[in-house]
Amino acid sequence: MNSIKHKGIRYMGFCIRDILRFTPLMLWGKLTVSIVEGALGVWMPILLAQIFELVPNLDASNILLFQRNVVFLCLCVGIPPLCSLVARGMSVYNDSKKESCYGWRMFEHAQKIKLESLEDPEVLNAFQKANAAYEQASASKMLSALFITTQAALVCISTVFVAGSFSLWLIPGTLLGFLVHLFTNIYSEKHRAAIYRGQSSVRRRLWYLWQQFCRRESVKEMRTLGFHEYMKKLWVETSLRVVQEMQEVELRAVKLGCVAIIIKNACYAANVAIALYLMVNGELAVGEFAACLSAFSLLQAELTRLGDTMGNFFAAYHYVEEYYDFFQTETEETGHEDYRPFQKEIAIKGVHFRYCGGDRDALNGVDLNIRKGEQVVIVGVNGSGKTTLSKVLTGAYLAQSGEVRYDEQDVKDIRREELYKDISLVSQDFVHYNFSLGENIFISDLSRRKDEKHLQEIVDSVGLKELVQGIGGIGTLLGKEFGGCELSGGEWQKVAIARGLFKDSPLIVLDEPTSALDPLIEYDILTKFLELTKGRTSVIISHRVGICRAADKVVVMKDGRVVECGTHEALKHAGGEYGRIWREQAKWY
Amino acid sequence: MKVVRNCALATRLVFQYAPWNALMVILGIFIPGFFGGLQIILVQRIVDNGISWAETGLGLDAVVRAGGLLVAMLFFWIVFQRFAMYQARVVQVRLTKYMAPDIMKKLNSLEYSAFESNDVQNILQRVSTEPWTNIRLCFDRTVISVQGIVSILFVLGVYMTISVWIGIGLALVAVPMVWLDFAGTHCFHRLFQDTTEEARRMKDLKQLLQSRHAMYEMKVFESQALMSEKWREASGNVEAQIKKTGIKALFLDGASKILSVIYYVFIILTISYSLLQGTVTLGQFVAAIGSLGTLTRKVSGSSWQVTEMVRLALDIDFYRDFLNLPERSDKREVNEIAHGDIAFENVSFTYPGTERQVLKNVTFRIKAGERVAFVGENGAGKSTIVKLLAGLYEPDAGRVLLGGVEVRELTEELRRKMLSVVFQDFQGYELTLRENVAFGNVRYLNDNDQIKDALELADASELYLQEEKGLDRNLGHLEEDGKDLSKGQWQRVAVARAFMAGAAFCVLDEPTASVDPIAESRMYENFAKIFYRSGTIMISHRLASAKMADRIMVLDGGRIVQDGSHEQLMAAEGLYRSMYLAQSSWYKEDSAMEEDTSKEKGTSIENGASKEKGTSVKEGVSKEKGTSMKNGASKENTGKGKGGEQR
């Protein structure tokens, strides 16, 4: 409990700090507005009381005072709308800043997150929550809610004092009504939030199920296989449970609220009666009585407002918390040594790697040497750790034990960004950037983005020339998301390879590029890749053992270990795992 | 106008699903709306009667009566508000209960092509975010806004009984104020619309940041700079846009606010002046001035409410479009067929909303129990045949027949008995393993043997054997204890699903694309087993699987160019032969090569083949349109022929 409170205070601190940094104008603007509104709110009942006291015995002596008070009243009534205009301006200002400040901050942090963390659904969840939080401008909302709550509370308290100044008898009733209302509100709000949080996983499930009814791929299967009714049943049952629970919460809040209202109104009625009694007994002037009545009704209005904004405050705070939670995710660690390009070999020794939350090692003691200039093919069944190995090799994942050395340098100690200058890759799930074709290729080496000749060479060498001409130049936008040109799977694959080759690095990793390609294109792409990377150290990860014939070295992986290593010819007859895979694939042809 | 129509739509829908609660919401919000005006009248009575009682000693009962009424009213004021709030939540509950299933029904009755069209995708995107909440919010806002305006007018009406000038002033101010408010709202709304394009771009960039694949690339390529540049550009545009439009909107809003301030001051001065003149009683003065604060708050509040209402009303526009989407045209009535053959008769097909004809006059017949494979390059139309066969689309011309009846006329049960399909973009559902497999045939949800059998056939028994919870383990990340599967594993689950159905024909679209060689090999063996159980239609790039079929049909540019058994097709020059040789060259090592220890020869063959292949493929890809494909294919054949001879 203590730590949660502590976190709350710390996050509020973060929030205020960011507001001061990004939109200080908004903070001061909103603060001024709240102070002015609050002051007017306090002043108004006092002013009204004064006016009402004056009115019954108006004469020439106090007409000036009356006139002055009326002018003040005009101010009291006229300024709040102007204040709300300022407040609105502030929120527009904040809206305009939110993407470039809060969004940017998130964007920056996201780029630094440790790669492995992205495997963790919790991190992705945190990302989405934080995203929703800042898109709703929750920081500014929380600030407003905070100010308004404070302001409403102040007005309530001052009203209690105003009433008290007429007669002390009026204080207990007013105060009691105020406090009961406040506490029932806080209690209901907390209860609701607790239940809502408890439901979050069920809600996620509901959301997921509902999505399936609208997604093309799922609908297609539901219709052909006929499990639509089952999914529907699942959704309805789950949602009924959630809805029932929420209904109970609301009912409880209403019951509690009614009790609070009864107490509050009983207090109010008692106060009116007391005021009436006092007036009848002559202890209260008629004007004062009227002032009391108006103060009471103001109190009623402010109390309702207080309850509402307090709810808003908690809701907004919840979002703010989610925004700052995101910044707690682990960021990547990098080494401090300068990178010396490797001359001899990359040596992997006894590497163990386990994904966070995984129950077994993805890499279970891998030993492997890759000489400079060698073309290495890694084969193995699904889940044997091929892709993980490639990521450990490039230093994107750090091994829990064992070491990866570039000549003598341990990859852990190398400044990562320097190492990356020497590595290029075509990853398994290469990215389809919704950018222009050119950007899709030169993104691998931005320092040469202006080098059109190099770009042209690469485009020609991977056989994209016709495509470039066909779609209207290298600057054509790709991806139908923003009205660009959509490429086929094979064409995207070529773009990815062009991307990998554009960066002229000594080491290049190609990870299983050929799933879902037709045989002719697959054949074309793999041979082309081998041809184009001659002389560079290249690591190719593939399911298709066919490519091994052309490689300098074949590495066979199984259950997170390297089980065989050698040339295709040697391994084929060695009677081990490789021979088995080879025969399994070859026997069909 | 659209706003009014959409508000009416929301109200209609809410009344349709929760009539009584909706009525309660309206009453709960409307009745207290008049309390503001009544309060003025009551306070005025209390004060006036109080004064007369103080002076004459008469009329105390009137004071008490009015005071009692006032107290009662204030009590009910909040009770009603609470009640309305509660009822609004109940409305939400009822909408979830009753409206959601109706939406599902509508979704189920949509033509499948709608799901693949881009425009409809946008609508469905919105439908997928639980639209009943938007509907309810719109309804709530409509009621609150209307009530706000009515109650303001009522208060002003009461003021008018005090001084007619207030009414005249209102008449002068109202028109420009409404206009300004409307223009301001419009401006704010435009602000929202203008930035959607940029917002989508930023969303796209953020998506990249959440993908570990993209982040890996970005780190290695150090391409964050480009990302940041793009983000900054987009967010800068948004900022400029909001500032530009925002300032205009603020001006309009400000003008309206100033008008209202002038009007308030006018009211105060009029009433004060009247008091001094003696045309207004003390009670009227106290009541009117005392309630001014509430009035101003109400006015600025309801201007916000109306803005919000307009936003929400425009927001549910998608729902209207959704309701107007065309219903599916397949009749699904025939529940009997004479025989078990599949036939395409002169089928031509173009995807709705596109130009290119994907299938051109395709005719073939598959006899019951036959094992058929479709092969061809990317974009040749293989997957389209599957979709037509599943009755998802209506062909442009020709007929798709199952047992002599058009497939879209068959009842779903019968069609399912005939066909079970694994699509290329098969889905993994984040539910239990049992459910995932049993989706092939929900009747066997609790039949462990059936499910295990199917998993075994798909070579996926390790999925339940190694797990503590067995078949009831959770897949995906929705549940705490759930684990995601690799793509290959998901694919095997999808294949198991097809085995569950026990249909006369099993259709497999690229069943082995993501599985590793060993698993692929084992799966082929299992397919062979299945082949004896039922007819099979297989679509694959891996020609090895095609080889096992009785009959192979080669598609090229939307036409069937070859039809025959593997041996027949290999004997003839043609697309199939060239494709097969290209693929098998990876594995074929004739004795000559094995003796030759150097890999020199291997590479030389590869190079030779690749050069030819290279050019022909390029042609194939670039001319995907089809008509000229013939040339490409035949050139390729001669090329490949030579390649074969070399070997």
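The values are calculated or read from the model by the stated rules, or taken from the named source; none is laboratory data. Because the structure is a prediction, the values reported are computed rather than measured. Counting neighbours? That spans all protein chains shown, and the Cβs are built from the backbone with ideal geometry, glycine included.
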Select, from B:475, B:455, the only residue that is outside the structural domain of residue B:585 (by TED's automatic domain parsing) and either charged (D, E, K, R) or under 25 Å from residue A:580 (Cβ atoms) (or both). B:455
Filter the stretch B:233-245 down to residues that are of a type outside the set (Val, Ile, Thr) and more than 7 Å from chain A (Cβ to nearest Cβ) and give me whichever is surrounded by the most Cβ atoms within 10 Å (Cβ to Cβ). B:234
Give the residues of the stretch A:12-61 that are within 22 Å of the chain's Cα centre (by Cα) and crowded, with 19+ Cβ neighbours inside 10 Å, sorted by residue number. A:15, A:19, A:22, A:23
Do we find a residue being among the acidic types (Asp, Glu) and surrounded by fewer than 22 Cβ atoms within 10 Å (Cβ to Cβ) anywhere in the stretch A:559-567? yes
Checking the structure you have, find out if any residue of the stretch A:484-497 is more than 10 Å from every other protein chain (Cβ to nearest Cβ), part of a strand (DSSP E or B) and modelled with pLDDT of 85 or more. no
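So, in the stretch B:463-494, of the ones that are among the charged types (D, E, K, R) and more than 10 Å from chain A (Cβ to nearest Cβ), which residue ends up surrounded by the fewest Cβ atoms within 10 Å (Cβ to Cβ)? Lay out the reasoning, then the answer.
So in the stretch B:463-494, the residues among the charged types (D, E, K, R) come out as B:467-469, B:472-473, B:479-481, B:483-484, B:487, B:492.
Subsequent filtering for residues that are more than 10 Å from chain A (Cβ to nearest Cβ) retains B:467-469, B:472-473, B:481.
On the way: B:467: 15, B:468: 7, B:469: 12, B:472: 12, B:473: 18, B:481: 9.
The residue in question is B:468.
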Answer residue from the stretch B:49-106, given it is of a type in the set (Ser, Thr, Tyr) and facing chain A (nearest Cβ under 10 Å) and is nearest to residue B:132 (Cα to Cα) among those: B:96
Since residue A:564 meets every condition but one in (1) within 9 Å of chain B (Cβ to nearest Cβ); (2) at pLDDT 80 or above; (3) touching a Phe, Trp or Tyr at 6+ places or on another chain (Cβ under 7 Å), which condition does it not meet? (1)
Taking the criterion of being outside the structural domain of residue B:44 (by TED's automatic domain parsing), buried (at least 22 other Cβ atoms within 10 Å of the Cβ) and in contact with an Asp or Glu (Cβ under 7 Å, 6 or more places away or on another chain), would at least one residue in the stretch B:260-281 satisfy it? no
Would you point out the residue of the stretch A:98-138, among those that are among the small types (Gly, Ala, Ser), touching a residue at least 12 places away in the same chain (Cβ under 8 Å) and at the interface with another protein chain (Cβ under 8 Å from one of its Cβ atoms), that is nearest to residue B:192 (Cα to Cα)? A:103
Taking residue B:436 and the conditions (1) facing chain A (nearest Cβ under 8 Å); (2) under 25 Å from the mean Cα position of the chain (by Cα), which numbered condition does it fall short on, given that it satisfies the others? (1)
Evaluate the stretch B:363-383: report whether one residue or more is modelled with pLDDT of 85 or more, part of a strand (DSSP E or B) and over 26 Å from residue B:542 (Cβ atoms). yes
Just name the residue that is surrounded by the most Cβ atoms within 10 Å (Cβ to Cβ) out of those in the stretch A:62-74 that are part of a helix (DSSP H, G or I) and free of Cβ contacts under 8 Å to residues at least 12 places away in the same chain. A:74
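Listed here are the residues, each with its yes/no results for (1) buried (at least 23 other Cβ atoms within 10 Å of the Cβ); (2) within 30 Å of residue B:64 (Cα to Cα); (3) touching a residue at least 60 places away in the same chain (Cβ under 8 Å).
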| site | (1), (2), (3) |
| --- | --- |
| B:2 | no, no, yes |
| B:11 | no, no, yes |
| B:15 | no, no, no |
| B:19 | no, no, no |
| B:26 | no, no, yes |
| B:37 | no, yes, yes |
| B:43 | yes, yes, yes |
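Yes/no per residue for (1) at pLDDT below 85; (2) over 29 Å from the mean Cα position of the chain (by Cα); (3) facing chain A (nearest Cβ under 9 Å):
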| residue | (1), (2), (3) |
| --- | --- |
| B:155 | no, yes, no |
| B:160 | no, yes, no |
| B:173 | no, yes, no |
| B:190 | yes, no, no |
| B:199 | yes, no, yes |
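Scan the stretch B:256-284 residue by residue and report those that are small (Gly, Ala, Ser), within 19 Å of residue A:85 (Cβ to Cβ) and facing chain A (nearest Cβ under 8 Å).
From the stretch B:256-284, those small (Gly, Ala, Ser) are B:256, B:260, B:272, B:274, B:278, B:283; that's our starting set.
Then keep just the ones that are within 19 Å of residue A:85 (Cβ to Cβ); that gives B:256, B:260.
B:260, the sole residue that qualifies.
Can you tell me which of B:498, B:546 is within 27 Å of residue B:358 (Cβ to Cβ), within 12 Å of another protein chain (Cβ to nearest Cβ) and modelled with pLDDT of 80 or more?
Details: B:546 fails: modelled with pLDDT of 80 or more.
Being within 27 Å of residue B:358 (Cβ to Cβ), within 12 Å of another protein chain (Cβ to nearest Cβ) and modelled with pLDDT of 80 or more holds for just one of B:498, B:546, which is B:498.
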Please go through the stretch A:221-233 and give me each residue that is more than 8 Å from every other protein chain (Cβ to nearest Cβ) and either surrounded by fewer than 21 Cβ atoms within 10 Å (Cβ to Cβ) or not aliphatic (A, V, I, L, M) (or both), ordered by number. A:233
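For (1) more than 11 Å from chain B (Cβ to nearest Cβ); (2) of a type in the set (A, V, I, L, M); (3) under 30 Å from the mean Cα position of the chain (by Cα), each residue gets a yes or a no:
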| residue | (1), (2), (3) |
| --- | --- |
| A:392 | yes, yes, yes |
| A:395 | no, no, yes |
| A:399 | yes, yes, yes |
| A:410 | yes, no, no |
| A:413 | yes, no, no |
| A:427 | no, no, yes |
| A:431 | no, yes, yes |
| A:455 | yes, yes, no |
Yes or no: residue B:441 in contact (Cβ under 8 Å) with a residue 12 or more places away in the chain, of a type in the set (S, T, N, Q), assigned by TED's automatic domain parsing to the domain that holds residue B:519 and surrounded by fewer than 19 Cβ atoms within 10 Å (Cβ to Cβ)? no
What are the residues in the stretch A:275-299 that are crowded, with 19+ Cβ neighbours inside 10 Å and aliphatic (A, V, I, L, M), if any? A:275, A:276, A:278, A:279, A:284, A:286, A:290, A:291, A:293, A:295, A:298, A:299
Against the conditions (1) outside any loop (DSSP other than H, G, I, E, B); (2) crowded, with 19+ Cβ neighbours inside 10 Å; (3) of a type in the set (A, V, I, L, M), where does residue B:343 fall short? Just the number, please. (2)
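Anything in the stretch A:207-220 that is closer than 28 Å to residue B:501 by Cβ, hydrophobic (A, V, I, L, M, F, W, C) and more than 7 Å from chain B (Cβ to nearest Cβ)? List them, or say none. Walk me through how you get there before you give the answer.
We begin by selecting, within the stretch A:207-220, every residue closer than 28 Å to residue B:501 by Cβ; these are A:208-220.
Adding the requirement that they be hydrophobic (A, V, I, L, M, F, W, C) leaves A:209-210, A:213-214, A:219.
Correct list: A:209 only.
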Give the residue that is modelled with the highest pLDDT, with candidates limited to residues of the stretch B:277-321 that are farther than 14 Å from residue B:140 by Cα and among the hydroxyl-bearing types (Ser, Thr, Tyr). B:319
Pairs needed: first member in the stretch A:260-274, more than 7 Å from chain B (Cβ to nearest Cβ); second member anywhere, of a type in the set (Ser, Thr, Tyr); C-beta distance under 7 Å; at least 6 residues apart or different chains. A:260/A:184; A:267/A:174; A:271/A:174
Selection from the stretch A:280-323 of residues more than 9 Å from chain B (Cβ to nearest Cβ) and either aromatic (Phe, Trp, Tyr) or in contact with a Gly (Cβ under 6 Å, 6 or more places away or on another chain) (or both) yields A:313, A:314, A:317, A:319, A:323
